[in-house]
Amino acid sequence: MAYWDAATIRTTVWKVTADQVPNEMVNEAIASGEAELHSYLERDYTVPFDPAPDLVKGLAADIIRYRGQIRAGHEVGHLQEPDKEAYKNAIRTLEKIRDRELDIPGQSRNTSAAESFDSNTKDYSPIMNIDDEINWEPDSDRLDEIADDRD
């Protein structure tokens, strides 16, 4: 389920006419933008959202606007500054959601069996890291015993 349709993206987000941007380009931008959005959210949420929360629709619009300009052939360095900033802010927000610093209002996160209990290995330290590297020298007594056994 797309959060935006081509006509709405064209007129509301990009502010262009159908003559200026073909449907194929708009649909590609929508698909790639939503795929990027979902890549941040799919671990914790069931995507696509139906209906989509306003936050998700806004983030999708910012990403689609940016993706559309890239698809239209604009170099990243030639994008309009507000569009680049909106994209960067959208990605930062998605990272906060992914890292569980921010929640999507009205949506509950999926929980897996692995998250429902504490791990008993969270303070685990491998045995090789206990000794300081200075103590990693051969045991001279043991070497003498080995040499004696060979004689």
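The values are calculated or read from the model by the stated rules, or taken from the named source; none is laboratory data. The shown structure was predicted, so the numbers you read here are calculated from the model rather than taken from an experiment. Note that we place each Cβ from the backbone using ideal geometry, even for glycine, and neighbour counts take in every protein chain shown.
Some notes on this structure:
- In the range 81-101, the residues that are under 12 Å from Arg67 (Cα atoms) reach residues that are surrounded by 11 or more Cβ atoms within 10 Å (Cβ to Cβ) and among the aliphatic types (A, V, I, L, M) with C-beta atoms within less than 7 angstrom, at least six apart or across chains, in these pairs: Tyr87/Ile63.
- The set of residues from the range 12-37 being of a type in the set (S, T, N, Q) and within 25 Å of Thr93 (Cα to Cα) comprises Thr12, Asn27, Ser32.
- Check on Glu42, at pLDDT 85 or above and under 30 Å from Thr111 (Cα atoms): yes
- Filter pass, Tyr40 being outside any loop (DSSP other than H, G, I, E, B), among the aromatic types (Phe, Trp, Tyr), under 20 Å from Asn89 (Cα atoms) and without any contact (Cβ under 8 Å) to a residue 60 or more places away in the chain: yes
- Being of a type outside the set (Val, Ile, Thr) and under 19 Å from Ala7 (Cβ atoms) holds for only one residue in Ala60, Ala35, and it is Ala60.
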